[in-house]
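Following: one structure in structure tokens, then a few remarks.
The values are calculated or read from the model by the stated rules, or taken from the named source; none is laboratory data. Everything numeric in this text was worked out from a predicted model, so none of it was measured. Please note that ligands, DNA and RNA were not included when accessible areas were found on the heavy atoms of the full protein model with its side chains. Shrake-Rupley method; radii C 1.70, N 1.55, O 1.52, S 1.80 Å.
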Amino acid sequence: MIYKDKVFEGEELKGQDFGNSEFINCRFIGVNLRFTSFDKCKFERCDLSGNIFDITSFSECFFPETNLSNLDLGDVNLRDCDFSKVMAKNTVFQQLKQGVRNDHKKFDLKGENFQDADLTNAIFVFADLTDADFRKASIESVVFERCILKNTNFTEAKIGGVNFNESKIENTILDIEGFISYGNSKGFVLEK
């Protein structure tokens, strides 16, 4: 099914299952996505920002040029999604234990693609970002709290002000520009 230039509001998507659907230039305004699942769907140039997801599932979905800003993904199940070219400013990537608002479980984001994404001020909590790709992404002022960053690629990423609070970093790729930008944001000065 293809949905183009549609505005979704209220309860119309609650409890529905979408498979192999395309959403093009769609807006989701105050939508209740409780018990809603999306499998192999594409959201192109859509606006999902500011909505509340409650036991929502996205599996093998693609979000090119879609706005996912100001979201808390604590009650969202994400599996094998492609976040390249997405805007997810101020979004919290976390998984909460069911029924507990302040207790996190490990968020599996292994191998996820965040190339060319704008993740400014986003927060990743207790996320396994092994082999994740952040090439050319804007991750300025992003917080990685208790994350696993193994073989994660930050080549050509805008990385100023990033915080790697209690994260495990191993074989993570950072180009020289990113290294200098990160150092400058922490108060270091490069001497010639």
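The C-alpha radius of gyration of the chain, expressed as a fraction of 2.2 N^0.38 Å, stands at 1.05.
Distances between placed amide hydrogens fall under 5 Å for K85 paired with Q115, D116, A117, all partners being 5 or more residues away or on another chain. Take every DSSP beta bridge with both residues inside the chain and express the antiparallel ones as a percent of the total, to the nearest 5. Of those bridges, close to 5 percent are antiparallel. Phi angles of region 150-160 translate, via the Karplus equation with coefficients 6.51, -1.76, 1.60 and θ = phi - 60°, into HN-Hα couplings of 9, 6, 7, 10, 10, 4, 6, 7, 7, 10, x Hz per residue; Gly and Pro are given as x. Can you spot the aspartates and glutamates whose alpha carbon is less than 16 Å from K89's alpha carbon? Ignore those fewer than 8 places along the same chain. Output for K89: D47, E65, D72, D116, D118, E140.
Kirkwood's formula applied to the C-alpha pairs of region 45-86 gives a hydrodynamic radius of 10.6 angstrom. When the alpha carbon gyration tensor of region 11-74 is reduced to an equivalent ellipsoid, the three semi-axes, largest first, read 15, 14, 11 Å.
Here the chain has 46 percent of its accessible surface on carbon and sulfur atoms, given a 1.4 Å probe and all protein chains in place. Scalar couplings 3J(HN,Hα) for region 117-134, obtained by applying the Karplus form with A = 6.51, B = -1.76, C = 1.60 to θ = phi - 60°, are 7, 9, 10, 3, 6, 6, 10, 10, 10, 6, 9, 8, 10, 4, 6, 5, 10, 10 Hz; x denotes Gly and Pro. Under a 5 Å amide H cut-off, with hydrogens placed 1.01 Å from N, E156 pairs with K136, D175, G178 among residues at least 5 apart or on other chains. Per-residue ellipticity at 222 nm computed for the chain from its helices equals -1500 deg cm²/dmol, with DSSP H segments shorter than 4 residues left out and the rest contributing -39,500 (n - 2.57). Residues whose amide H comes within less than 5 Å of that of D72, counting only those at least five positions distant or on another chain, are F53, V92 (H built at 1.01 Å from N in the peptide plane). Subtracting the Cα-Cα distance of K6 and K168 from 0.36 nm times their residue separation leaves 54.1 nm of extension gain. Legend: residue pairs K40/K136; K40/K110; K6/K42; K42/K106, Cα-Cα distance threshold 22 Å; pairs beyond threshold, K40/K136; K42/K106.
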